1. Considering only the stretch 144-165, state which residues are over 17 Å from F25 (Cα atoms) and touching a strand residue (DSSP E or B) at 6+ places or on another chain (Cβ under 8 Å).
2. Go through the stretch 8-30 and give me each residue that's aliphatic (A, V, I, L, M) and within 13 Å of the chain's Cα centre (by Cα).
3. Name the strands (runs of 3 or more DSSP E) wholly within the stretch 1-99 that hold at least 3 residues that are crowded, with 19+ Cβ neighbours inside 10 Å and of a type in the set (A, V, I, L, M, F, W, C)?
4. Exactly one condition in (1) open to solvent by 20 Å² or more (accessible area, probe 1.4 Å); (2) in contact with a Phe, Trp or Tyr (Cβ under 8 Å, 6 or more places away or on another chain) is not met by V141; state its number.
5. Cβ-Cβ under 8 Å, sequence separation 6+ or interchain: first residue in the stretch 85-101 and within 17 Å of Q154 (Cβ to Cβ), partner charged (D, E, K, R) and surrounded by fewer than 21 Cβ atoms within 10 Å (Cβ to Cβ). Which pairs?
6. Does V121 count as part of a strand (DSSP E or B), among the β-branched types (V, I, T) and more than 19 Å from M35 (Cα to Cα)?
7. Here are some conditions: (1) at positive phi; (2) open to solvent by 50 Å² or more (accessible area, probe 1.4 Å). K172 meets all but one. Which one does it not meet?
Amino acid sequence: MEATTEDRWQKVVYDTLKKNGVTIFSYVPDAGHRMAIDLSLADPDVHSVALTTEEEGVALAAGAHLGGAKSALLMQSSGLGNCINFFSMITGGKFPFLTILSMRGDYGEGNPWQMGMGKAVRPILDAMGFVTVEITQKDEVERAIDAACTMAFQSGEAVAVLLTQKLIGAKKF
């Protein structure tokens with residue numbers, strides 16, 4: 001898949017995850033992760049797993065870790081609420097966890113239904129003990145994803161990368 005200058009940062013997300021050894025990509029379809037999902041589906045060297053609901057990605061990450069693989073859960077911020085109960089597995093099992101969230105309900109959001117979860121993302125992640133990395137500019141993507149992979153896979157932390165609406169743009173309604 002060829003990236004245009006405008007969406008090159010999306011390819012950088014995928015390439016940086018793969019460079020850091022991520023071989024399992026789980027996701028619920030989302031336009032904010034379209035390129036990473038498409039690249040993972042086309043890549044014979046990785047496993048791309050479509051989920052019926054986001055919390056399945058937490059369990060998949062636990063299994064990947066037990067099997068010696070690195071995984072990333074790609075989801076929209078509105079799916080974070082589905083995962084709260086499963087996040088206790090991360091703490092109890094003491095396994096590394098990496099999720100990349102395409103944010104809704106923040107900068108420039110026009111859909112009132114997205115605002116509640118958008119406001120709750122950071123407090124939920126804080127309450128569950130996550131390290132949070134926020135990306136607002138295209139030139140931050142590679143360094144931030146590298147840092148997140150180091151914190152998750154070398155330090156054994158639960159890490160959430162927020163692809164903010166300043167980065168991805170707000171959808172017009």
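1. Selection gives A144, A147, M151, E157, T164.
2. V13, L17, V22, I24, V28
3. Where strands (runs of 3 or more DSSP E) fall fully within the stretch 1-99 and carry at least 3 residues being crowded, with 19+ Cβ neighbours inside 10 Å and of a type in the set (A, V, I, L, M, F, W, C), they are 22-27, 70-76.
4. (1)
5. As it stands, the answer is P96/K70; P96/E157; F97/E157; L98/K70, since those pairs meet every condition given.
6. no
7. K172 satisfies every listed condition except (1).
Okay, residues lined up against (1) in a helix (DSSP H, G or I); (2) free of Cβ contacts under 8 Å to residues at least 40 places away in the same chain; (3) out of contact with any strand residue (DSSP E or B) (no Cβ under 9 Å at 6 or more places or on another chain):
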residue: L125; (1), (2), (3): yes, no, no
residue: T132; (1), (2), (3): no, yes, no
residue: E142; (1), (2), (3): yes, no, yes
residue: L167; (1), (2), (3): yes, no, no
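The values are calculated or read from the model by the stated rules, or taken from the named source; none is laboratory data. Keep in mind it's a predicted model, so treat the numbers as computed, not measured. Note that each Cβ is placed from the backbone with ideal geometry, even for glycine, and that neighbours are counted across all protein chains shown. SASA here: full protein model, heavy atoms, side chains in, ligands and nucleic acids out. Shrake-Rupley method; radii C 1.70, N 1.55, O 1.52, S 1.80 Å.
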